[in-house]
Every structure is written in C-alpha cells, then in structure tokens.
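Accompanying notes for the structure given below.
The values are calculated or read from the model by the stated rules, or taken from the named source; none is laboratory data. On a predicted model such as this, the values are computed, not experimentally measured, just so you know. Cβ sites come from the backbone with ideal geometry, for glycine too, and all protein chains shown count toward neighbours. The accessibility values were calculated without ligands, DNA or RNA, using every heavy atom of the protein model including side chains. Shrake-Rupley method; radii C 1.70, N 1.55, O 1.52, S 1.80 Å.
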Amino acid sequence: MIAVNENAEYQVGFEVSQAVGQFQGLKNEIENGGSISKADILSRLDDILNKLSKIHSMMAEK
C-alpha cells in the first residue's frame, strides 16, 4: 500500500465511505423499481467516478 499522511488517510476513508454510500443508494433505488432516469443514473455515476479519481490522486501523492 502507498504510504499517505494521517490527514490524507482520513480523507481517503471519508471519500471511500461517500462513494460506497452513493453506490448503495443507487443500487437500492434501481432494485426497488424507483423511477430513476438514465440522466440521474449517469449523473450519480459521474459523481462516484469523480470521488474515486480524487482518492486515486490522493493515494498517488507522496
């Protein structure tokens, strides 16, 4: 694992937690037959990908 400072570790954990929550919410809405539009799904996935990109950047910093 790439070493990161304590603050970055906290931030990574926070971002991962948010991304997981967003994925779970999206999954639940789709499974429960919610009337979610394709545009809303794409918007949420874009938000999740942005969080994952941010995490990747933080992990790559030395």
| query | Taking Cα pairs under 8 Å and at least six residues apart, what relative contact order does the stretch 4-62 come out at, in percent? | reply | 60 percent
| task | Only one of the values (1) 22, 13, 9; (2) 29, 11, 7; (3) 25, 12, 10 was calculated from this structure for semi-axes √(5λ) of the Cα gyration tensor in Å; name its label. | result | (2)
| Counting each DSSP H run of 4 or more residues in the chain as -39500 (n - 2.57), what helix-only mean residue ellipticity at 222 nm follows after dividing by all residues, to the nearest 500 deg cm²/dmol? | -28000 deg cm²/dmol
| field | With Cα atoms, 0 to 90° folded angle of helix 6-31 axis to the chain main axis | value | 10 degrees
| query | For the chain, with every protein chain kept in place, what is the accessible area per residue (1.4 Å probe, Å²)? | reply | 75 Å²
| Apportionment of accessible area to carbon and sulfur, the chain, percent (1.4 Å) | 56 percent
| message | So, R0 is 35 Å and r is the distance between the beta-carbons of Asn32 and Glu6; what FRET efficiency does that work out to, to 0.05? | response | 0.35
